[in-house]
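K.L.:
Dropping the structure in here first, questions after.
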Amino acid sequence: MKEMTATSATLVQNTSSLLSSSSSSMSSSSFFTNYPLICAFLAFAIAQSIKFLTSWYKERRCDIKQLVGSGGMPSSHSATVAALATAIGLQEGFRGALFATALILACIVMYDATGVRLQAGRQAEVLNQIVYELPAEHPLAESRPLRELLGHTPPQVIAGGLLGVITAVAGYLITLTAS
């Protein structure tokens, strides 16, 4: 009985020390040194900035919606998940379950961007045209237009994916030279 109590006490001590060390490793400073997370956020920010700057260059006006909106070249969703998957692969190895999970997530997001979301945007375009042609007395004539720019064309998704991979590789090379 004494051995069981001693074993239980040791187990409790080991568990509490493990929990305290893991909680200290999850501090806010580790958030800012999480290489895959930083790469994903950076790829998203770069993609959205490219859209904003392209819009500004073409239209000669600032469209703040371009910084957070969906659709356009390059796909920021694709850039984000490609950067995340690549960074995880570079950090943890390309043979692990974590990379496999991130890769499957990236493939689903990219497929969805060119499939479901693109078709939903095209349907919104047709519906907006139908509503626009309704007579003024129709109850739907004054309805707010649906968002048409939801998905991406395959070149936009490919460009976003390449941007994500390049961002993660550049980040990896920077962390190698910094260490």
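The values are calculated or read from the model by the stated rules, or taken from the named source; none is laboratory data. Predicted model only: the values in this text are computed from it and were never measured. All Cβ positions, glycine included, derive from the backbone under ideal geometry; neighbour counts span all protein chains shown.
K.L.:
Is one or more of the residues making up the range 95-113 at pLDDT below 75 and of a type in the set (D, E, K, R)? Steps first, answer last, please.
P.N.:
Taking the range 95-113 first, the residues at pLDDT below 75 are none.
No, the conditions are met nowhere in the range 95-113.
K.L.:
Find all pairs meeting these conditions: Cβ atoms under 8 angstrom apart; at least six residues apart or on different chains; first residue within the range 86-101 and without any contact (Cβ under 8 Å) to a residue 60 or more places away in the chain and farther than 14 Å from ALA170 by Cα; second residue in a loop (DSSP other than H, G, I, E, B) and of a type outside the set (A, V, I, L, M, F, W, C).
P.N.:
Every condition considered, the pairs that remain are PHE99/GLY93.
K.L.:
Let me spell it out: the conditions are (1) of a type outside the set (Lys, Arg); (2) at pLDDT below 70; (3) farther than 30 Å from VAL157 by Cα, and SER30 meets all of them except one. Which number is the exception?
P.N.:
(2)
K.L.:
Out of SER143, SER75, I need the residue that is modelled with pLDDT under 95, among the hydroxyl-bearing types (Ser, Thr, Tyr) and farther than 22 Å from ILE46 by Cα. Which one?
P.N.:
Of SER143, SER75, the one residue that is modelled with pLDDT under 95, among the hydroxyl-bearing types (Ser, Thr, Tyr) and farther than 22 Å from ILE46 by Cα is SER143.
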